[in-house]
Amino acid sequence: MSNHKFLIMILALMMLVAGCSTKKVQDTKEPQPLVGIVDMKKAAQSHPKYKQVLALEEEVRSISAQAQAQQAAMAQSAQKTLNLSETSQGDLAELNKTFQQEFTEKMSLKEQEVNTRLAAKENSIHQTLSDEFKVYTDEIDKEYQPQIFNLQLKLKTVQLEKEEAASLQEQLETLQTKRAEKIAEKQKQLAGQMTEKMAPDKAAAQQELEAYSKQVNQEISQKAAAKQEEIAARNMQTLSLPGNTAQESGNGQQQAMMKQQELKALQDWIVQDISDKTGKVAIESGLEAVLTNVTVNVSGVDITAAVIAECNK
């Protein structure tokens, strides 16, 4: 997949919704925007693995160019016998389609297996941290809610002088702000713990997927080489084509296809990683939603830089 197609794929990423269920705090200040905006194109190009995408794209172009050069050499050395029969061409196309489908299916099953394992671990950690957060908020409410309620009651039921009412309102806002700050700090701390606890598992999962991708590529490449050899031998008998050159050309095409599959797997992982980091930043920032493909005038907070920073940790 080309770099252009990759960026289009990222810009089409669905909206990520992140919310934290905390009690609403009464505040006379104007509410801050609850919508975040991410420039996915910029985030993808700033991702630490984006250089690997560019390198793989260059390898695909190089392998494809080599395959084309081999085909040109075949044309020069055997002008009258270079075209394969329609049957042979159909065999090659069907062969590539079959191997590509096999790779996709195997990688999809492996990704499901790994993601299921990660989701189970993450849910377990999340439940533990949620329990801890509830205990903490209960303690905070025991400390602040009686004071807040008392001040609210006075402001609503007692006839006060203007100066006295202003003083009580200031005390109320100060208490509400302190409570909100403590809860926000706890949320940030727990989000960091989640990231820290999941980091080893996610790193191991990525290594497992990369190793499995290489293993499947190697297995399919071996089968493809054997099939290409069969086709080349048949062409030699019917069209007197140089079998070794035909096989090298077919192998080059097969290698290019496998590299494209490896490239797609990496692109998908980058998209998922940006999605995860966007969700984390959204939670820490108290955002209710994040837009990634903004085409209209939307009031929101640009969290692109924060997402890029998370990706580069």
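The values are calculated or read from the model by the stated rules, or taken from the named source; none is laboratory data. If you're wondering where the values come from, they're calculated on a predicted model, not measured in any experiment. Every residue, glycine as well, gets a Cβ built from its backbone with ideal geometry; the counts of neighbours run over all protein chains shown. For accessibility, only protein heavy atoms count, side chains too; no ligands or nucleic acids. Shrake-Rupley method; radii C 1.70, N 1.55, O 1.52, S 1.80 Å.
Summary of computed values
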quantity: Of Lys41/Lys214; Lys280/Lys313; Lys106/Lys197; Lys110/Lys214, those spanning more than 22 Å from alpha-carbon to alpha-carbon; calculated: Lys41/Lys214; Lys106/Lys197
quantity: Computed E for Glu122/Gln68 - FRET, C-beta separation, R0 41 angstrom, nearest 0.05; calculated: 0.35
quantity: 17 Å Cα-Cα reach of Lys259 towards aspartates and glutamates, excluding residues that sit fewer than 8 places from it in its own chain; calculated: Glu57, Glu58, Glu59, Glu102, Glu105, Glu210, Glu219, Glu248, Asp268
quantity: Protection-proxy order for peptides 225-232, 102-109, each taking the mean of Cβ atoms within 10 Å per residue, highest first; calculated: 225-232, 102-109
quantity: Percent carbon-and-sulfur accessible area, region 35-312, ignoring ligands, DNA and RNA, probe 1.4 Å; calculated: 51 percent
quantity: Counted charge near Val35, where neighbours are those whose Cβ lies closer than 14 Å (Asp, Glu -1; Lys, Arg +1); calculated: -2
quantity: FRET efficiency estimate (nearest 0.05) - Cβ-Cβ, Thr157 to Glu102, R0 51 angstrom; calculated: 0.10
quantity: Accessible area expressed per residue, region 85-162, with surrounding protein chains retained (probe 1.4 Å, Å²); calculated: 70 Å²
